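Down below is the structure, laid out as structure tokens.
The values are calculated or read from the model by the stated rules, or taken from the named source; none is laboratory data. Please read these numbers as outputs of a predicted model, since none were measured by experiment. Here the Cβ positions follow ideal geometry from the backbone for every residue, glycine too, while neighbour counts run over all protein chains shown.
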């Protein structure tokens, strides 16, 4: 019989499920809003996005995290957040020793303009930039906490896919129908005569579209294994071995990939095609195949090779807009900017010059012979160097720990999972893509893209850490009466 206490516990589980889905929907709406507003790069859209995201992040406090490995990962995230806030706070408070303070404050003090010294050259700017640094970690923790079961994980991953496809459609509509419109910025949609969509920078559009491609491919492959046989028979097209749903998703994925090419982003397109092809080939090699399906089928290594070759063929066939820019490096000054940013780090390697102060410190180290004197550089086009220049050696520790832990969790999920294997595979691919793209551009410095990417990694890590109890649905536990006839006979036979 089912006890009344256990029935009440099942009702509590049901309420928790409804609450998690509600918070997930709220998180998705906040992510979409932040991306829609030009990535929330300018005021007041940045503040609106942060306030919207803070609501679902706060509500996750009431979600019970019962899995041990998920709790350990959450503790690591909280530790990183505390380290970032502590060191960022140290950079904006007055320091008693002039050796820790930036030399610029000695000059200001000598002139009698100010009597306090700081590590950061612009404490107010550093303080204003800290929310952009911490919020992605909070979004990651929220997504990880909300995905407690297999159903939650598929729902969250599908939600990210819907958000990405919807915003990609908005970007295409703006480019085709309203090219001269100003969309949450002072620039027109076709600024620079390249496909920018809801973003001003075409490279950022390529980065976002690539993330959407990873999510969509992972959802298509993970959800295909969860459909029941009746649904498959109902959706299969006449004379075809694939379902209508798969055809639609493949078509949308193809259009997303074409959108990446149209941006003409060299790093975004090459990395996107390369990593996406590797992920698809890796999934084909690693996914479990029933014994009955192995006989007489095409070898997996051959199918993986075909998938990799297909990506190369698509790049060669459709990639002319991007290939035309491969040899155009005469106006690419980012390498000079990287060298100057490295000098900023070498100038203050231990303490840094203050997070978010690149625009204030770069002019002092700018190489006029290489960069010239025209133009204002707001970002280094290399997120690693800019992070190092602002935070010093603390940035090295944070980056090493973040990559190490994420790789450990996602690679473990790729090797351990049987169901939902596609989510950690393409989550690992998205991590590799953003790690490579951040070396040439600054996608993670766009708050909307950073939050979307953090949610993607949170769901992928949750899928990697799911245990067997969380994979299945919650079922009522039957409590047997120890004095019933059947149980008494079993006990008597085992203990005569």
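May I ask you to list the residues in segment 398-412 that are under 30 Å from residue 335 (Cα atoms), more than 16 Å from the chain's Cα centre (by Cα) and either in contact (Cβ under 8 Å) with a residue 40 or more places away in the chain or outside any helix (DSSP H, G or I) (or both)? Scanning segment 398-412 gives 398, 401. Within segment 171-181, being more than 17 Å from residue 210 (Cβ to Cβ) and in contact (Cβ under 8 Å) with a residue 24 or more places away in the chain holds for one residue alone: 174. Look at (1) in a helix (DSSP H, G or I); (2) at pLDDT below 90 and you find that residue 449 fails only one, number (2).
With the condition kept exactly as written, say whether any residue in segment 9-32 is assigned to a loop (DSSP other than H, G, I, E, B), under 20 Å from the mean Cα position of the chain (by Cα) and surrounded by 14 or more Cβ atoms within 10 Å (Cβ to Cβ). So that I can check it myself, show each step before the final result.
Taking segment 9-32 as the starting set, the residues that turn out to be assigned to a loop (DSSP other than H, G, I, E, B) are none.
Looking through segment 9-32, none of the residues is assigned to a loop (DSSP other than H, G, I, E, B), under 20 Å from the mean Cα position of the chain (by Cα) and surrounded by 14 or more Cβ atoms within 10 Å (Cβ to Cβ).
Checked against the criteria, residue 92 counts as crowded, with 17+ Cβ neighbours inside 10 Å and over 17 Å from residue 461 (Cα atoms). Counting only helices (runs of 4 or more DSSP H) that fall entirely inside segment 210-303 and contain at least 2 residues that are within 24 Å of the chain's Cα centre (by Cα), modelled with pLDDT of 80 or more and closer than 18 Å to residue 161 by Cα, the qualifying elements are 244-262, 266-286. Could you tell me whether any residue of segment 40-56 is loosely packed, with under 13 Cβ neighbours inside 10 Å, outside any helix (DSSP H, G or I) and free of Cβ contacts under 8 Å to residues at least 12 places away in the same chain? The answer is yes; a qualifying residue exists. With respect to being on the phi > 0 side of the Ramachandran plot and surrounded by fewer than 18 Cβ atoms within 10 Å (Cβ to Cβ), residue 178 falls outside the description.
Yes or no, residue by residue, for (1) surrounded by 15 or more Cβ atoms within 10 Å (Cβ to Cβ); (2) modelled with pLDDT under 60; (3) out of contact with any strand residue (DSSP E or B) (no Cβ under 6 Å at 6 or more places or on another chain); (4) more than 30 Å from residue 280 (Cβ to Cβ):
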position: 317; (1), (2), (3), (4): no, yes, yes, no
position: 323; (1), (2), (3), (4): yes, yes, yes, no
position: 348; (1), (2), (3), (4): yes, no, yes, yes
position: 362; (1), (2), (3), (4): yes, no, yes, yes
position: 376; (1), (2), (3), (4): no, no, yes, yes
position: 379; (1), (2), (3), (4): yes, no, yes, yes
position: 383; (1), (2), (3), (4): yes, no, yes, no
position: 386; (1), (2), (3), (4): yes, no, yes, yes
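Against the list (1) within 21 Å of residue 208 (Cα to Cα); (2) surrounded by fewer than 19 Cβ atoms within 10 Å (Cβ to Cβ); (3) more than 16 Å from the chain's Cα centre (by Cα), the condition residue 128 fails is (1).
Test residue 380 against the stated conditions and say whether it is touching a residue at least 60 places away in the same chain (Cβ under 8 Å), under 15 Å from the mean Cα position of the chain (by Cα) and closer than 27 Å to residue 126 by Cα.
Working: touching a residue at least 60 places away in the same chain (Cβ under 8 Å): yes; under 15 Å from the mean Cα position of the chain (by Cα): no; closer than 27 Å to residue 126 by Cα: yes.
Judged against the criteria, residue 380 is not a match.
The set of residues from segment 413-440 being crowded, with 24+ Cβ neighbours inside 10 Å and not in a helix (DSSP H, G or I) comprises 420, 421. Restricted to helices (runs of 4 or more DSSP H) entirely inside segment 63-146, those with at least 1 residues that are more than 20 Å from residue 51 (Cβ to Cβ) and modelled with pLDDT of 95 or more are 68-92, 123-146.
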